[in-house]
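Below you'll find the structure, written out as structure tokens, and then a few comments.
The values are calculated or read from the model by the stated rules, or taken from the named source; none is laboratory data. Small disclaimer: the values here were computed from a predicted structure and weren't measured. A quick note on method: Cβ atoms are made from the backbone with ideal geometry, for glycine too, and the neighbour counts reach across all protein chains shown. In case anyone asks, the SASA skips ligands and DNA or RNA and just uses the protein heavy atoms, side chains included. Shrake-Rupley method; radii C 1.70, N 1.55, O 1.52, S 1.80 Å.
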Amino acid sequence: MRGEIAVYESERVWRDVDDYFVETLVGEDEALVGARESGRGSSMPQAEVAPNQGRLLALLCGMVGARRVLEFGTLAGYSTVWLARAVGAEGRVTSLELEARNADIARGNLEKAGVAEWVDVVVGPAAESAWRLVEEGVEPYDFVFIDADKPSNPEYLKASLALTRVGSVIVIDNVVRNGAVVDDGSSDERVRGVRAVLDDIARDGRLEATALQTVGAKGWDGFAIVRRVR
Ligand code: SAM
């Protein structure tokens, strides 16, 4: 009981600190608030990144001078708006989403955010869509955000490596899962997907990476950040 109260209180403080950071440093305009709130009508309510995480993605894009961004998992387009604003009208964002309904909601939000012209939301299983991009021989992406179904993470990494260049950055969301990631016997397909992709990254001599735990409005989770060096 004491432990449960402590966890509850910690989570409340994490949320308060996130609110403070968002109010102080990040901010959201009407379009971002709308995108976040309209996610409630999608297939995975409240699964979008937190505002300070959206800003992190945008900062990383800015730091590497990203012009071309690939996203796995659009939902209502909240992270997509952050990425699209980061690359600007000279850039291009391709976001891959399974559910047509989510994609429709996202397109509306991208329109309201004024970024729809340089974003393509591609409907279908993300692995198929990504391999189609490989077949089409599209230009390499500078930045990839992997945030769709977790069991497919290894496949998404493989496709991302066919779609990037030396210097490209790949960010993978939800790699902590309340600590479950350390359970090497987990039967949870999402945990297995995360562990498998981290193993693949560790074995791949083309990649340098780290993973960071985060606490906040989205609970206890984290990102893997990967740079292609070869
Ligand atoms: N990146 C979004 C954001 O932060 O605003 C959140 C994405 S949400 C965590 C995951 C999304 O991946 C959902 O919209 C879900 O429908 C989509 N998804 C699940 N399985 C998929 C698949 N096989 N191919 C493409 N998208 C998939």
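With the structure loaded, tell me whether Leu59 is more than 14 Å from the ligand (Cβ to nearest atom), on the phi < 0 side of the Ramachandran plot and under 15 Å from the mean Cα position of the chain (by Cα) or whether it fails that test. When the stated conditions are applied, Leu59 passes them.
Rundown of residues vs (1) assigned to a loop (DSSP other than H, G, I, E, B); (2) open to solvent by less than 30 Å² (accessible area, probe 1.4 Å); (3) under 30 Å from Glu128 (Cβ atoms), yes/no style:
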| residue | (1), (2), (3) |
| --- | --- |
| Glu9 | no, no, no |
| Arg15 | no, no, no |
| Glu37 | no, no, no |
| Pro45 | yes, no, yes |
| Glu71 | no, yes, yes |
| Ser79 | no, yes, yes |
| Arg85 | no, no, yes |
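Among the residues making up region 191-230, a single one is over 14 Å from Ile170 (Cβ atoms), part of a strand (DSSP E or B), open to solvent by 40 Å² or more (accessible area, probe 1.4 Å) and in contact with a Lys or Arg (Cβ under 9 Å, 6 or more places away or on another chain): Trp220.
Residues that are in contact (Cβ under 8 Å) with a residue 60 or more places away in the chain and either more than 8 Å from the ligand (Cβ to nearest atom) or closer than 21 Å to Trp14 by Cβ (or both) within region 34-46 comprise Gly34, Ser38, Gly39, Gly41, listed in sequence order.
Please find, among Ser186, Ser168, the residue that is in contact with a Lys or Arg (Cβ under 8 Å, 6 or more places away or on another chain), part of a loop (DSSP other than H, G, I, E, B), open to solvent by less than 50 Å² (accessible area, probe 1.4 Å) and more than 23 Å from Leu75 (Cα to Cα).
Going through Ser186, Ser168 in turn, just one is in contact with a Lys or Arg (Cβ under 8 Å, 6 or more places away or on another chain), part of a loop (DSSP other than H, G, I, E, B), open to solvent by less than 50 Å² (accessible area, probe 1.4 Å) and more than 23 Å from Leu75 (Cα to Cα): Ser186.
Of the candidates Val49, Val93, the single residue that is open to solvent by less than 20 Å² (accessible area, probe 1.4 Å) and near the ligand (Cβ under 10 Å from one of its atoms) is Val49. What about Arg101, is it part of a helix (DSSP H, G or I), open to solvent by 60 Å² or more (accessible area, probe 1.4 Å), in contact with a helix residue (DSSP H, G or I) (Cβ under 7 Å, 6 or more places away or on another chain) and within 15 Å of the ligand (Cβ to nearest atom)? Here the answer is no, as Arg101 does not meet what is asked. Output the residues belonging to region 17-30 that are surrounded by 15 or more Cβ atoms within 10 Å (Cβ to Cβ) and either in a loop (DSSP other than H, G, I, E, B) or within 13 Å of the ligand (Cβ to nearest atom) (or both). Across region 17-30, the qualifying residue is only Glu28.
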